[in-house]
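Here is the structure we will look at.
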Amino acid sequence: MNISEDELEQRLRALFADERLDLPPPPDAGTVIVAGARRRRRRRQGVLTATGVAAAVVVVAGGLTMVRLHTEEGTAVISAGGSSISVKPPENLTPGRPPQPSVAAPTSTNDIEASSPPATAPPRTVRPPSAQPPSKLAPVSTGPLLASDGFGNIKLGMSEAQLTAQGVTLSDAQVGGSCTTYTVQGSGVPSAATVVISKAVGLTVVTPAQTAHTSEGVGAGSTKDQVLAAYPEAKNEPGGIVAPALSTSEYHFRLDDTGVVQTSLMSLNQDCAG
């Protein structure tokens, strides 16, 4: 049996309009619907809260990017959120030895000055004992004193008669032109000596037989440097050094490898050979 579309539509309308097909709602339907809506709202809020907590955990976990321990240097470096914290343990971790407290870094110039170790004087160099410089050696005082004007009681310029009047004897005369060389000895002189006497000007040269010393401390064994130090105006001469004694006299020092070996006093006013 064929039914047209219009007829089919009318029958369906009549069927749906039949009161026997109605499903009446229960009396508490409204309350149930409201309670269901509230439950859905609470679930939605719980889901949102859990999502926020999870996001916070992800942020914190991303911020803690690295925990790195420098075991070789004994330094722990903790990096979080772009910043780093360095923690260095005590340096003296020797077994059986308690750690020493750390010293706070100075915060001002005064702190730096107070914390700086006291300045210590540089160690003095101790030089081994050695020979003193030639000019600093002790002056020579051995042997008889040959003064700048004479020897004992005899003085430059004295005649033969004046010399013998001083308690000395003249012997071994050696005449040479106007001058005579003698050996003089006696109580008037510290030791025997060779003298040269001019007939015109008297005693001109005195040379003690024993190496004498001068008032400036030059004598037997004195070096050339010592002589020059004692007599800055001294000059070299063949075999030795000549040095001024007085304005009218001078010393003649004969030297060899050991130093001074002979000292003579000579008058500048003379006509005898030097």
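The values are calculated or read from the model by the stated rules, or taken from the named source; none is laboratory data. Here the structure is a predicted model, which is why all the values come from computation and not from measurement. Here the Cβ is made from the backbone with ideal geometry for all residues, glycine too, and neighbour counts use every protein chain on show. Ligands, DNA and RNA are excluded from the accessible area calculation, which covers all protein heavy atoms including side chains. Shrake-Rupley method; radii C 1.70, N 1.55, O 1.52, S 1.80 Å.
General observations
- For GLY219, the criteria (1) modelled with pLDDT under 95; (2) farther than 14 Å from SER264 by Cβ hold in every case but one, which is (2).
- Complete set of residues in the stretch 246-262 that are open to solvent by 30 Å² or more (accessible area, probe 1.4 Å) and out of contact with any Lys or Arg (no Cβ under 8 Å at 6 or more places or on another chain): LEU246, SER247, THR248, GLU250, HIS252, ARG254, ASP256, ASP257, THR258
- Output for the stretch 155-176, where each listed residue is under 15 Å from VAL189 (Cβ atoms) and in a loop (DSSP other than H, G, I, E, B): LEU156, MET158, ALA165, GLN166, GLY167
- Residues being open to solvent by 20 Å² or more (accessible area, probe 1.4 Å) and closer than 19 Å to GLY240 by Cβ - total across the stretch 181-210: 5
- Pairs, first open to solvent by 20 Å² or more (accessible area, probe 1.4 Å) in the stretch 211-235, second part of a loop (DSSP other than H, G, I, E, B) and of a type in the set (Asp, Glu), C-beta under 9 Å, six or more apart: ALA230/GLU216
- Of the strands (runs of 3 or more DSSP E) that lie entirely inside the stretch 177-239, those containing 3 or more residues that are hydroxyl-bearing (Ser, Thr, Tyr), closer than 20 Å to GLY157 by Cα and over 60 Å from the mean Cα position of the chain (by Cα) span 179-186.
- Pairing each residue of the stretch 157-180 that is without any contact (Cβ under 8 Å) to a residue 60 or more places away in the chain and surrounded by 13 or more Cβ atoms within 10 Å (Cβ to Cβ) with any residue that is hydroxyl-bearing (Ser, Thr, Tyr) and in a loop (DSSP other than H, G, I, E, B), provided the two are 6+ apart or on different chains, yields C-beta distances under 7 Å for GLY167/SER187.
- Residue within the stretch 267-274 that is farther than 24 Å from VAL175 by Cα, surrounded by fewer than 21 Cβ atoms within 10 Å (Cβ to Cβ) and among the acidic types (Asp, Glu) present: no
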